[in-house]
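Asks: Following this message is one structure expressed as structure tokens.
The values are calculated or read from the model by the stated rules, or taken from the named source; none is laboratory data. Since the structure is predicted, the reported quantities are computational estimates derived from the model, not experimental observations. Cβ placement follows ideal geometry from the backbone for every residue including glycine, while neighbour counts extend to all protein chains displayed.
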Amino acid sequence: MRLSRYYIPTLKEDPADAEVVSHKLLMRAGMIRKLTSGIYNYLPLGLRSINKVGQIVREEMNRAGALEVLLPMVQPADLWRETGRWEYYGKELLRFKDRHDRDYCLGPTHEEVITDLVRGEIKSYKQLPVNLYQIQTKFRDEIRPRFGLMRGREFIMKDAYSFDKDEAGAEKSYFDMFNAYKAAFSRIGLRFKPVQADSGAIGGDFSHEFMVLAETGEDTIASCLSCDFGANLEKAKVAAPTTAPADESTVPALEEVATPGTHTVEEVCNFLGISADKLVKTLLFVVDGKPVAGLVRGDRELNDVKLRNLAGGNEIELADEALVRKLTNAPVGFAGPAGLDPSVPVYADHELLAGTDWVAGANKGDTHVLHLALGRDCKVEQYADLRVIEPTDPCPECGGAIEFTKGIEVGHVFKLGLKYSQKMEATFLDENGKSQFMIMGCYGIGVSRIVASAIEQNFDENGCCFPPSIAPFEVCLISLGGKDQDVADKAEELYAELLKLGVDAAFDDRAERPGVKFAEADLIGYPMQLVLGGKGLKSGIIEAKDRKTGEKIELPLDTFAESFA
Ligand code: ATP
Ligand code: MG
Ligand code: MG
Ligand code: MG
């Protein structure tokens, strides 16, 4: 690839709206351009890196036995109605109608589509297990798209879905994916850590997030310094219930409730007067020995937490205000465990909750369900703080010291169990001819987010220092020929040689000043620069510079090819 013919619109200055280094550098290196909020054009260099990430992920998926498919991005609402998510997914789901007035959405994820595909075709245990994946553009109408490719509204994801006939198989599928993720992220060259992303109550260790360790990460992770333990602090483990403050006068009056509606974590924390890392995820209340009430934190933004409890056929919408009460003062919330009646589905945000999840929304069978008042409808006797770990806590596994760091979620593996197969009746006949629900797992990787994450871990004041595995090009041959035709001719020759050797090389054959060429090569972050100038040509050498270390070595021109063979 000749830079004289390439399209790399570099920028001298950081774009005003770019807060994190990866966003700044992706823009400055001419790899992406913003179309509108959270939606980017991937330019030639950016697309090369994204495709390299995709290819590594693809190879590891294939190695693990998963099969590549490509599913539609436009999905009919009817499928989402089957699982109940049409109503409960919230505003991240972009919905629209076609000319016949039928409802559709842009796929933020594909559990419904894949379950629909598989249930129509798989009839027998002999056809299981199966794991299907795709690498595709997703759309989520994120409340706060930011940081460039890190949190886009449109972004590229690898999503895989496994279907098994029994628990042992489902567990194997899960750990096959877990290991494939480790292999892929290691090959890419990321410094990462798999962390527990789920409460013990919800399903043991069957959800892990893969975190890239970086200061700009939006997640906080607790890592043990002595063992492998790691957990996402946003996820909760049930802590021992503690007795609520006896003095109910500390419960805020209704007027203290913040405006119902959309609240960012920062706003909620300001309202509560606590720092973000102190934000309690869930409180639950025990009345007459039975837990009845709780508050649940939603995903990153609280606005999407519209909780409903369908127990007994009642649909109860939770007022958002319940989420923003003064948690520290034993708030009046209302809630019930999703599993009070296990046959009745309960949703929080877009997730179908497991039987042991705690949800806000009353489940007392009484009528005072909305604006349940303390003292009138229930009495707070106990509450349990479900937040996992305090900075001073010992490691729950080995007692070692815990360290808190920031992380970027680049992958997520999840054992879904029967959540979707039951709702959508994805069944098969087992060895005894008995109909059974398939056991599912889902596994996501943020392909475009990884390019940004890799930059967050590999940059300096001059630009990107890409790991060779995902650099747009591994080598940039820089000709300092200028008017010196001999140098230009020799550079052409070397470029042809590199291509013949199969080296992933760019060739800076432009009539630019050396300073410009060096600065751009540093900015883009080709792992190796090969520089041929007049002096070098005369003494029969070419200079090779390692972008990351800055180390320079001289290679003899007559044995040049050997260095790359
Ligand atoms: P987050 O917590 O960052 O919002 P998520 O938990 O909602 O992510 P998943 O549903 O687990 O995301 O999707 C799988 C992967 O897709 C994530 O691990 C992440 O790497 C990537 N991803 C999710 N949302 C975005 C986004 N808005 N922009 C870029 N990548 C994303
Ligand atoms: Mg999200
Ligand atoms: Mg997440
Ligand atoms: Mg996730």
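Asks: So how many residues does region 1-31 have that are hydrophobic (A, V, I, L, M, F, W, C) and without any contact (Cβ under 8 Å) to a residue 12 or more places away in the chain?
Replies: Going through region 1-31 one residue at a time, the tally reaches 1.
Asks: Across region 440-454, which residue is nearest to ligand 3 (Cβ to nearest atom) among those that are small (Gly, Ala, Ser) and in a helix (DSSP H, G or I)?
Replies: Ser453
Asks: Among the residues of region 14-60 satisfying the criterion of being among the acidic types (Asp, Glu), surrounded by fewer than 17 Cβ atoms within 10 Å (Cβ to Cβ) and modelled with pLDDT of 95 or more, which is nearest to Ala214 (Cα to Cα)?
Replies: Asp14
Asks: Which residues, counting only those in region 188-224, are assigned to a loop (DSSP other than H, G, I, E, B) and at pLDDT 90 or above?
Replies: Residues satisfying the conditions are Gly189, Leu190, Arg191, Ala214, Glu215, Thr216, Gly217.
Asks: Are there any pairs with C-beta distances below 6 angstrom linking a residue in region 399-427 that is over 13 Å from Ile114 (Cα atoms) and free of Cβ contacts under 8 Å to residues at least 12 places away in the same chain to a residue that is of a type outside the set (A, V, I, L, M, F, W, C) and away from ligand 1 (no atom under 16 Å from the Cβ), with the two at least 6 apart or on different chains, and if so which?
Replies: none
Asks: Please pick out the residue among Val451, Val447 that is within 23 Å of Met528 (Cα to Cα) and touching a residue at least 40 places away in the same chain (Cβ under 8 Å).
Replies: Val451
Asks: Find all pairs meeting these conditions: Cβ atoms under 7 angstrom apart; at least six residues apart or on different chains; first residue within region 128-141 and within 21 Å of Lys91 (Cα to Cα); second residue modelled with pLDDT under 95.
Replies: Arg140/Glu92; Asp141/Lys91; Asp141/Glu92
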